[in-house]
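Please treat every number below as a calculation from the coordinates, not as lab data. Quick caveat: nothing in here was measured; it's all calculated off a predicted structure. Here the Cβ positions follow ideal geometry from the backbone for every residue, glycine too, while neighbour counts run over all protein chains shown.
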Amino acid sequence: MSFIEPTTTLVNQLEIPYIQRDLSWLSFNHRVLQEARDHSVPLFERIRFLAIYSSNLSEFFRVRMANHRYMLRVGKETKRELDYDPKEVIKQIHKVLSEQQDLFFDTFYNEIIPELKEHNIKLLRRAELNEKQIKYIEDYFQNRMLTYVQPVLLVKNKIRPFLNNDTLYLAVWMKDKEDQTKKPNPIYAIVQIPSGYLPRFVELPFSGDSHDLIMLDDIIRHNVAWMFPGYDLMDTFSIKLTRDAELYIDDEHSGDLVQKIRDTLVKRAVGPASRFVYDKEMPEELLTYLKETFELDKYDILPEGRYHNNFDLRKMPNFGKTYLDYAKLPPLPYVALEKTNDYFGAIQEKDHLIYVPYHSYESVIQFFIQAANDPDVTHIKLIQYRVASDSRVMDALMDAVALGKQVFVFVEVKARFDEEANLKWGERLAEAGVQVKHSFPGVKVHAKLALVRRQKGEQVEMFSYLGTGNFHEVTAKIYSDFGLFTANPAVVNEVARVFAYLETREPQEFQHLLVGQFNLRSGLVALIDQEIANAKAGKEAKILLKLNSLQDAEMIAKLYEASQAGVKIQLIIRGICSLATQQKGWSDNIEAISIVDRFLEHARVFIFITKEKKKFIFLLRIGW
């Protein structure tokens, strides 16, 4: 793969080495692809990593590439405000992706499919089917698919069908049977592949000792001529259009922000093109015709292989061959909370730190169930960023209201691709009597906090949960996250101030928590400065940061300064890392690794180490 060379960016009149964020993200997705090529990973898990790679890429084009395409459309004035050239970034992205796509299909066709055959699972093409299987796919098409396919003839400047986002189509190349000229005029059409309604992988009648599959795409290819009587079929090629999913809100600070988000969500399905992928075997004449028909330009189109929407690979059946999956890894119960008869007493006695999915998530769910049913609990507060569609946490909050508790939930409706789900949850909670507040203009609330207030006579007790993961029972099984239960007054009092800000918008002060919009940046700078001072004084000085991404130019400049002072810095960055390692004079003392494995590394922890003490920092984000 091409090595991504850092460029520079300007911070406080200083040019620092800097890797453009989206090019760095492509390196992260390449690491996902490498997992699919790792033969120590079970076969069906490698297939799922191919699916994850493809799913990641689809979201990348709906959001990040869409943003670059938008910058090209808006004109020079806006682009002058950028510190990069969108056109150049798009070219680099296309170059890197071309290499990655070759690697993807080499992995799938030359490694995965042969290994599946070794386990008697065969993914067949039409030419490999026997008579019984051919009869089966013809019956399947007539009985199961016919109501879903939508054949449309393309007529230049007259018929331009709308392509749904990330929906599969076959572009059909034909000629009129009555046209007997030496070079008949080509006739083009498209046919929708109904993978949103039917399984992408169709099991064929049993053949010997093997399990035979065919992709839905190839069933349509076999039957497509039947849909166009009067035409001779020349060939078919798969295509797909990805649409811009960014929510472009002109002014968040005026009017009803939530209603603006509702209105903009409606437009997401019809956004402009951000990627048009096509079978690279497609003849240039047909590609040109499609570009003109769907008003695409050279920055929209990307060649791929025979099949698209490869995130459907996660749905490939394994026929009960569980030995081709990861071995079961049941979470450990956190006994101190899950088995206690005095849940809140156990938290008062000491803090409790869990690490899911290695620990069970049940202790978090019980935090809310116990609070809902405890007669001494008066208030429960929570920040909702993403939650499961069937959520025991949300159920407990609604139960708490029914039992007379006051419940406040801040719902962040700007959680990308969960906006609609969060709006619906907000409505449902409000209907149950929960006090609900929504997003602030210009701010995204990303902290994962909960607070419980308990009154025993004259005594008020408060308990808090601070996590790096969402209150989401499903992702808690696959995302690795820390969660802290505490009754420490220094912490819970400041968590209460976070909620006071969310409820009233009154500014707050924090001494023990680092909170975006208030003291997060200054607090981190002060901690880094302390390590710099220690290094200059000849003391041990070390920083360890575990993050989802690192792209803030000012913080990167500060880390370079610490490195130059002799502070040893270790970075564990899952995704984007715009800091450039191995830059002499800049990052000599910085090491960076990324962990891509069975679980999604989602925890964020900052550790500052001096000879005298260590400081462990949880990151709470409100708008930074």
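By the gyration tensor of its Cα atoms, with a ≥ b ≥ c the square roots of the eigenvalues, what is the shape of segment 458-608: rounded for a/c under 1.5, prolate for a/b over b/c, or oblate?
The shape class here is oblate.
Mind checking the dipole of the chain: about its Cα centre, +1 per Lys or Arg Cβ, -1 per Asp or Glu Cβ, Debye to the nearest 20?
It works out to roughly 400 debye.
Cross-link partners among aspartates and glutamates for residue 182, C-alpha distance below 19 Å, same-chain residues fewer than 8 apart left out?
Within the straight-line limit of under 19 Å, residue 182 reaches these aspartates and glutamates: 232, 235, 285.
Mind checking the angle between helix 86-107 and the chain's longest principal axis? C-alpha axes, 0 to 90 degrees, to the nearest 10.
In the chain, helix 86-107 runs at an angle near 70 degrees to the longest axis.
So for segment 132-308, taking the charge dipole from beta-carbon charges (+1 Lys/Arg, -1 Asp/Glu), which of 154, 193, 231 sits furthest toward the positive end?
With unit charges placed on the Cβ atoms, the residue in question is 231.
Please give the calculated 222 nm ellipticity per residue for the chain, where each DSSP H segment of at least 4 residues contributes -39500 (n - 2.57) and the sum is spread over every residue; nearest 500 deg cm²/dmol?
Result for the chain: -10500 deg cm²/dmol, rounded to the nearest 500.
What lysines does residue 536 reach when the alpha-carbon gap must be under 23 Å and sequence neighbours fewer than 8 apart in one chain are set aside?
Cross-link targets: 558, 568, 584, 611, 613, 614, 615.
Taking K and R as +1 and D and E as -1, what net charge do the other residues with C-beta under 11 Å from the C-beta of residue 164 add up to?
Counting the neighbours of residue 164, the net charge comes to +1.
Can you tell me the equivalent ellipsoid semi-axes for the chain? Use √(5λ) from the Cα gyration tensor, largest first, whole Å.
Square roots of five times the eigenvalues give 48, 30, 26 Å.
Counting only Cα, what are the radius of gyration and maximum Cα-Cα distance Dmax of segment 335-504, in Å?
15.0, 45
Nearest 5 is fine: what % of DSSP beta bridges in the chain come out antiparallel, could you say?
70 percent
Bin by bin, in steps of 10 Å, what percent of the Cα pairs in segment 1-119 do you find, going until the bin that has the longest distance?
In order of increasing distance, the bins hold 12, 36, 28, 15, 7, 1, 0 percent.
Could you work out how much longer the chain between residue 111 and residue 135 gets when fully extended? Use 0.36 nm per residue separation minus the Cα distance between them, nm to one decimal.
Taking residue 111 through residue 135 to full extension adds about 5.6 nm, to one decimal.
Using a basic spin-label model with each label point 7 Å from the Cα along Cα→Cβ, how many nm lie between residue 182 and residue 598?
6.7 nm
Specify the inter-centroid distance of segment 411-442 and segment 260-288, based on alpha-carbon positions, in whole Å.
29 Å
Which entries in 381/477; 91/298; 95/298 show an alpha-carbon gap greater than 19 Å? Please report the intermediate quantities before stating the final value.
Values: 381/477 24 Å; 91/298 10 Å; 95/298 13 Å.
In this structure, 381/477 lie more than 19 Å apart at Cα.
Just the Cα atoms of segment 2-68: what Rg and Dmax do they give in Å?
Final numbers for Rg and Dmax: 15.6, 51 Å.
With unit charges on the beta carbons (Lys and Arg positive, Asp and Glu negative) and the dipole taken about the Cα centre of the chain, which residue among 441, 167, 524 sits farthest to the positive side?
Among 441, 167, 524, the one farthest towards the positive end of the dipole of the chain is 524.
Could you size up the charge dipole of segment 335-504 around its Cα centre, putting +1 on the beta carbon of Lys and Arg and -1 on that of Asp and Glu, and report it in debye to the nearest 20? It would help to have the intermediate numbers written out before the result.
Details: 18 positive and 22 negative charges, 75 e Å.
Dipole magnitude for segment 335-504 comes out near 360 debye.
Roughly how compact is segment 164-298, stated as its Cα Rg over 2.2 N^0.38 Å to two decimals?
Cα Rg divided by the expected 2.2 N^0.38 Å: 1.42.
So how far, in whole Å, is the C-alpha centre of segment 24-75 from the one of segment 554-596?
Their Cα centres are 24 Å away from one another.
With only alpha-carbon atoms counted, please give the Rg and Dmax of segment 520-618, in Å.
Just the Cα atoms of segment 520-618 yield Rg and Dmax of 13.0, 42 Å.
What nm value, rounded to one decimal, do you get for the distance between residue 355 and residue 455 when each label is placed 7 Å out toward the C-beta?
4.0 nm
Treat every Asp and Glu Cβ in segment 520-618 as -1 and every Lys and Arg Cβ as +1, leave all other atoms uncharged, and give the resulting dipole magnitude about the Cα centre to the nearest 20 debye.
280 debye
In nm, give the distance between the simple-model label positions of residue 83 and residue 4, each being 7 Å from the Cα along the Cα-to-Cβ direction.
About 1.6 nm separates the two model spin labels.
Identify, among 348, 413, 425, the residue whose Cα sits farthest towards the positive end of the charge dipole of segment 335-504, taking +1 on the Cβ of Lys and Arg and -1 on the Cβ of Asp and Glu, with the dipole about the Cα centre.
Checking the options against the dipole of segment 335-504, the answer is 413.
Find the centroid of the Cα atoms in segment 89-146 and in segment 214-246, then give the distance between the two in whole Å.
Cα centres, segment 89-146 to segment 214-246: 14 Å.
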